[in-house]
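What follows is a set of notes on a single structure, which appears directly below.
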Amino acid sequence: MCRQVGWWKMASLSREHHVEARIPGTEQVDGITLYNITLKVGTVQWSVQQRYNAFAELHEKLVSNHGLARDLLPPKKIIGNKDPAFIERRRADLELYMQTIINFMQHTLPRELAEFLDLHHYELTHLLQSLARHFYNDGDKVLTDGCPITFIPLQLHAISSRLKNPLPTNVESELETDFSHVVDFASHVPHLVIEGSSECYRASNIIQNNLPYTLNTFKNVERLTLKNVDVSQVGHLGAVRRTTKWLEVRNGGMVQVSDILLCDAVYKETVEGNDPYKWLLLTDVDFSSNQISKIDESISMAPNIERLNLSSNKLTSVENLTSLPCLVSVNLSNNLFSTLESMHTKLGNVVELDLSQNYLRSLDGLGKLYSLTSLNVSTNNICEIAEVNHIARLPCLETLIITGNPVATVVDYRTKVLELFGQRASEVCLDNERPTQRELEFVAVLHAIRASREGRVPTFSISNPLPVTTSTITFDRPDIATAVSESTSK
């Protein structure tokens, strides 16, 4: 396990912080001797493994391109190069060589040496130069491909730090490594993915989710996805709040909605009419797989949300969603709901509602969601078919998923559920299946029996839910006696 570095650190060359190198040991892998190089810049440490041939290749480049003395590198040895005593002598010689060339080239650290030591992965300036080179050469192609573009917190921290500080004087710079290429590329990213981690980054002691950063350079983001990210490290959202239409935060440890919607606000409270903090273009939100236990008032900062996914959280109730007049789809699956109270006063004119994988025993509370067309209550604790009565009179309900509940084990439960919908039975898709003609005939019989018992004239008419075809389809007629028996035993 790595020893974690300070909460805000990444490697950064400066007058106070130079590269320190040691080669404390070696390792044999498939008959090849690898030299374990340990690097340190300030409090940041990392390790690199290189074989002797890689040292030789580096040395040739430094001799040819930067005037390094040829005799500095320990010479090759063909015979006896596996001898432990020889390997130990070479290890010590290579360590001295490494320290010598770093001291010699400290003020103009060349790219060849920086990449040999993996500075382009861990050190702020060389990391940014590597990004700039990539965007200079391939940035247009990456943007036109239309794929999501992923940044890690380490890169964003480097960008944010560079915006506040000038380029160090001890680093070579050229046209293709100019920081402006990074800024220009970031300003055109349409789908930004930020992928964080609480583990040590690569072979270093850097914890990415401990690094603060801003999103000021991203001017045209329409889709923003955060995975495994600590949103408390986002210091400023910049234009992202004004341009984002689709927002996803997964596995971010969010406890409340304001953790992201107001992540850069000094006070995580909703201020009525405070336009600078509003997400006015935001229509699709996915906050699934977090730790949200309450929908706080900050949800009103995104008044135009149409689809909201809060699955796999810790919700037991619904609050503050009436401040979203455009809301049509809500996913509350895999939460902690056990009861539902007057949901029409909390969800407004929702069209699609997913309450699967909760702890519901009753559908009471859903009976006045008159705009609802799709309801998923699968994998709950509903035991009685009579619970369907609470939703059977919803005029627009077309899709009902109830499988995975104890009630689904009742004999002929499909026909008994469909019968509660009366004349609309043929319009209901139950558990992702349209009713068959045979089921509708059973429903008609059950309806007739119920009407007879209540002293009414049966009015149920069977309509075939299947598409009309030229072939002839025959059905077995329902057993009336069985239907009567089952109905009277209910």
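Sort out for me the strands (runs of 3 or more DSSP E) sitting completely within the range 179-293 that have 2 or more residues that are closer than 30 Å to GLU352 by Cβ, touching a strand residue (DSSP E or B) at 6+ places or on another chain (Cβ under 7 Å) and of a type outside the set (Ser, Thr, Tyr).
Details: elements: 191-195, 223-227, 234-236, 246-250, 284-286.
Answer list for the range 179-293: 191-195, 223-227, 246-250, 284-286.
Out of the residues in the range 136-162 that are assigned to a helix (DSSP H, G or I) and small (Gly, Ala, Ser), state the one that is surrounded by the most Cβ atoms within 10 Å (Cβ to Cβ). I'd like the intermediate steps shown before the answer.
Pass one, the range 136-162, residues assigned to a helix (DSSP H, G or I): 136-145, 153-162.
The next check asks that each one be small (Gly, Ala, Ser); those that pass are 139, 158, 160-161.
Values: GLY139: 20, ALA158: 27, SER160: 19, SER161: 19.
Residue satisfying both the conditions and the ranking: ALA158.
Only one of ILE23, ILE37 is touching a helix residue (DSSP H, G or I) at 6+ places or on another chain (Cβ under 9 Å), modelled with pLDDT of 95 or more and either under 29 Å from SER198 (Cβ atoms) or acidic (Asp, Glu) (or both). Can you tell me which?
Details: ILE23 fails: either under 29 Å from SER198 (Cβ atoms) or acidic (Asp, Glu) (or both).
Unique residue meeting the criteria: ILE37.
Which of the residues spanning the range 98-131 are closer than 22 Å to ILE23 by Cα, buried (at least 19 other Cβ atoms within 10 Å of the Cβ) and among the hydroxyl-bearing types (Ser, Thr, Tyr)?
Passing the criteria: only TYR122.
Any residue in the range 467-486 that is surrounded by fewer than 18 Cβ atoms within 10 Å (Cβ to Cβ), modelled with pLDDT under 60 and closer than 29 Å to LEU353 by Cα?
yes
Cβ contacts < 8 Å: first residue closer than 8 Å to LEU324 by Cα, restricted to the range 294-308; second residue basic (Lys, Arg) and in a loop (DSSP other than H, G, I, E, B), any location; separation 6+ or different chain. Result?
Cβ pairs passing all conditions: ALA302/LYS278; PRO303/LYS278.
Is the range 415-431 home to any residue that is buried (at least 16 other Cβ atoms within 10 Å of the Cβ) and touching a residue at least 60 places away in the same chain (Cβ under 8 Å)?
Scanning the range 415-431 turns up at least one residue that is buried (at least 16 other Cβ atoms within 10 Å of the Cβ) and touching a residue at least 60 places away in the same chain (Cβ under 8 Å).
For the list (1) out of contact with any strand residue (DSSP E or B) (no Cβ under 7 Å at 6 or more places or on another chain); (2) of a type in the set (Gly, Ala, Ser); (3) surrounded by 19 or more Cβ atoms within 10 Å (Cβ to Cβ), I need the number of the one condition that SER342 fails.
(3)
The values are calculated or read from the model by the stated rules, or taken from the named source; none is laboratory data. Bear in mind that the values here come from a model prediction, so they are computed numbers and not experimental data. Cβ coordinates were reconstructed from backbone atoms using ideal geometry, including for glycine residues, and neighbour counts include every protein chain displayed.
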